[in-house]
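First the structure, in the form of structure tokens, and then the observations on it.
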Amino acid sequence: MNTIEREPSRLAVLGAGHVGPVIARLAVKAGYPVAIATSGDPEDIALITELVIPGARPRWASEAAAEADIVVLALPLHRFGDLDPARLDGKLVVDAMNYWPASDGTLEPFEEGGSSEIVARRLAGSTVVKALNHIGYHELEDWARPASDPDRRAAGVAGDDPAAVAAIAGLVDRIGYDPVPLESLRAGRVLQPGGPVFGVVLTRPEFERAVDRETRSLT
Ligand SMILES: NC(=O)c1ccc[n+]([C@@H]2O[C@H](COP(=O)([O-])OP(=O)(O)OC[C@H]3O[C@@H](n4cnc5c(N)ncnc54)[C@H](OP(=O)(O)O)[C@@H]3O)[C@@H](O)[C@H]2O)c1
């Protein structure tokens, strides 16, 4: 599989808290045109964006999404309901969110199973890929390495649409990780909190071993 995109897509990162700016920074560094948004006025993040994510453009969320090929959801899951699914129709969506009751509170629909499967059902007009959710924001930045680096780490990319998984694998590769494709959003449950690769930054062989064991029990 060729995981390298021919042309960098336009990225919209929705969420400018902990992980959103890191994803945006890595993507700018990798040559992507990047817009970043909160739920509010882009003016409010203009200065901080210029300082910490030079090259990224603060935008209203609706505008960032409309102009993007790939939309990265980097907002807390309990705020996901605020997004209008129609605004993401036709987009390739990276779900970097996790269900984290300590900060999300209890969200009944997410208590069982796979959070990205629920996200994908709500975003029925989008193609959803689960990625960039399982590495903490500090580590995500610190462990990013070029493809040639022998100490490069792995990141999972799960989805039901193989072309979408390949495209996001390309993104993951360009921003500094060995992408490990997983064949469905359901299989992507291994990337969730409590799963074998959540919060640990593994090499590809370590990652594949950990995930293989777990996916066998999910299928
Ligand atoms: N922290 C990590 O290391 C890490 C790593 C990987 C994945 N994740 C996952 O990524 C998600 C975000 O985590 P975080 O730690 O970055 O959260 P956070 O620091 O609380 O930041 C959340 C950001 O989302 C914005 N936001 C909220 N509603 C929005 C909306 N409707 N549209 C656009 N932006 C919106 C918030 O801005 P306003 O409130 O101003 O709108 C804020 O900038 C979580 O699901 C988390 O599990 C986190």
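The figures follow:
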| read-out | value |
| --- | --- |
| Residue check, Glu63 more than 10 Å from the ligand (Cβ to nearest atom), open to solvent by 60 Å² or more (accessible area, probe 1.4 Å) and touching a residue at least 40 places away in the same chain (Cβ under 8 Å) | no |
| For Arg174: the one exception among (1) more than 14 Å from the chain's Cα centre (by Cα); (2) open to solvent by 30 Å² or more (accessible area, probe 1.4 Å) | (1) |
| Looking only at the stretch 66-83, and only at residues there that are open to solvent by 40 Å² or more (accessible area, probe 1.4 Å) and more than 12 Å from the ligand (Cβ to nearest atom), the one that is nearest to Gly31 (Cα to Cα) | Asp69 |
| Some residue of the stretch 26-34 being of a type in the set (Val, Ile, Thr), closer than 30 Å to Ala147 by Cβ and outside any helix (DSSP H, G or I) | yes |
| Condition met for Val52 (open to solvent by 50 Å² or more (accessible area, probe 1.4 Å), within 15 Å of the ligand (Cβ to nearest atom) and within 18 Å of Ile175 (Cβ to Cβ)) | yes |
| Those residues of the stretch 48-63 which are in a helix (DSSP H, G or I) and within 16 Å of Val22 (Cα to Cα), in sequence order | Ile48, Thr49, Glu50, Leu51, Val52 |
| Subset tally (residues that are within 13 Å of the ligand (Cβ to nearest atom) and open to solvent by less than 70 Å² (accessible area, probe 1.4 Å)) for the stretch 26-45 | 9 |
| Residue satisfying condition, being within 11 Å of the ligand (Cβ to nearest atom), exposed (fewer than 15 other Cβ atoms within 10 Å of the Cβ) and either charged (D, E, K, R) or modelled with pLDDT of 95 or more (or both), within set His138, His134 | His138 |
| The stretch 101-115 - residue that is among the polar types (S, T, N, Q) and loosely packed, with under 13 Cβ neighbours inside 10 Å and, of those, farthest from Pro193 (Cα to Cα) | Thr106 |
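The values are calculated or read from the model by the stated rules, or taken from the named source; none is laboratory data. All figures in this text were calculated on a predicted structure; none of them were measured in a lab. Every residue, glycine as well, gets a Cβ built from its backbone with ideal geometry; the counts of neighbours run over all protein chains shown. Accessible surface areas use protein heavy atoms only, side chains included; no ligands, DNA or RNA. Shrake-Rupley method; radii C 1.70, N 1.55, O 1.52, S 1.80 Å.
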